[in-house]
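Undergrad: This is the structure I have questions about; it appears just below.
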Amino acid sequence: MKSSIIVIKEQIKYFYLIRRLSLYELKSTNNNNYLGMLWELLNPAIQISIYWFVFGVGIRGNKVGAGGMDFFPWMLSGIVVWFLFNQGLIQASKSIYTKIKMLSKMNFPMSVIPSYVIFSKFYPHLLLLALVSAILTILGYPINIYYLQLPIYMGAVLALLYSLSLILSTLSTIVRDVQMFLQSVLRMLLYLSPILWDITQLGQDLAWLKVIMKINPFYYIVEGYRTSLLGQGWYFIDHWQYTLYFIGVIAGLFIIGSALHVKFRRHFIDFL
């Protein structure tokens, strides 16, 4: 618990630096591309088109759920947060061992490194979210009062990302194989989340699979985004038990991640 308090204090104290470094990271990442930051929108757009064609038109006949909702807006409202989670976790998990040499002479704690890397992915997420909102409005799902709960799920995904990144960035610095394992898990997670298929379509004989799926905290975030963007209700209130479960999982991951990070960060340079 002491380690968690230390990490929280470091994030608060160096928040201004986190914002500055995140903007620098975002610019430097796209500096050598002719289209620059436009790729932050083009790349998700290309992937969304592929998923819609394969899973919407090719497999599902462009309908999903008992009500026969069009697959594209259903998928779009859920997949928008996937790009933040996927790229944010991959980059943050290797942030310490890839940037520690460059930043070792700067006077700030190492717990700041995963933070600013995650924030550098959060800015494009806001742009993509605005674009998705505009598309959904055109498709018949206008901006609604349930958008007010979106900041809750944004905070939830940032908290999940940072908690996991504290664990994974520490382990990746010690054992490089963790990074390869993470990429494989994330590829699998895309298909085990309610992004490309609706788990409510599973029969009663597969009720156990629904429970396993919901254990995944990312499920909560995807459904929160979807209910907000499609105007389907107050998800964090309607499923308050799941909200409490999610908070408990995040708290547990953060405590574990903080303890690992604080314990090993003095020795990070020895593993490089």
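Just so you know, all these numbers are worked out from the coordinates, no wet-lab data involved. Values in this document were obtained by computation on a predicted structure and should not be read as measured data. Here the Cβ positions follow ideal geometry from the backbone for every residue, glycine too, while neighbour counts run over all protein chains shown.
Undergrad: How many Lys pairs in region 87-225 lie less than 27 angstrom apart by Cα atoms, where the lysines are 8 or more positions apart or on different chains?
TA: Lysine pairs satisfying the spacing and distance rule in region 87-225 number 6.
Undergrad: Using helices alone, I'd like the mean residue ellipticity at 222 nm for the chain: each DSSP H run of four-plus residues gives -39500 (n - 2.57), total over residue count, nearest 500.
TA: Value at 222 nm, helices only, nearest 500: -22500 deg cm²/dmol.
Undergrad: If you build a Gaussian network model of the chain, linking Cα atoms that sit under 10 Å apart, which residue out of Trp82, Trp52, Trp240 swings the most?
TA: Trp240
Undergrad: Of the chain, which part is the longest with no trypsin sites (Lys or Arg not before Pro) in a loop (DSSP not H, G, I, E, B) and with at most 13 other C-beta atoms within 10 angstrom?
TA: Maximal segment without exposed cleavage sites: 1-104.
Undergrad: Say the dipole of the chain comes from +1 at the beta carbon of Lys and Arg and -1 at that of Asp and Glu; which of Leu186, Leu253, His125 then lies farthest toward its positive end?
TA: Leu253
Undergrad: With only Lys, Arg, Asp and Glu charged, each at its Cβ (+1 for the first two, -1 for the last two), find how big the charge dipole of the chain is about the Cα centre; round to the nearest 20 debye.
TA: Taking the Cα centre of the chain as origin, the dipole is about 1000 debye.
Undergrad: At 7 Å along the Cα-to-beta-carbon direction for both Ala130 and Lys13, put a label point, then send me their distance in nm to one decimal.
TA: 3.5 nm
Undergrad: Which FRET efficiency value, to the nearest 0.05, do you get for Gln232 and Val211 by plugging their Cβ-Cβ distance into 1/(1 + (r/R0)^6) with R0 = 22 Å?
TA: 0.50
Undergrad: Fully extended, how many nm does the chain gain between Asn144 and Arg176 (0.36 nm per residue separation, minus their Cα-Cα distance)?
TA: Stretched out fully, the Asn144 to Arg176 stretch lengthens by 7.0 nm.
Undergrad: Still on this structure, please answer the following. Please build a GNM for the chain, connecting alpha carbons under 10 Å apart, and tell me which residue among Val262, Val185, Val157 fluctuates the most.
TA: Val185
Undergrad: Give me the number: length gained by fully extending Ile6 to Val185, i.e. 0.36 nm times residue separation minus the C-alpha to C-alpha distance, one decimal in nm.
TA: Value of the extension gain: 61.4 nm.
Undergrad: So, one more: When log10 I(q)/I(0) by the Debye sum over Cα atoms at q = 0.08, 0.13, 0.15 Å⁻¹ is calculated directly from the model, which label among [x] -0.30, -0.79, -1.05; [y] -0.67, -1.06, -1.19; [z] -0.35, -0.92, -1.19 fits?
TA: Comparing each candidate, only [z] matches the computed number.
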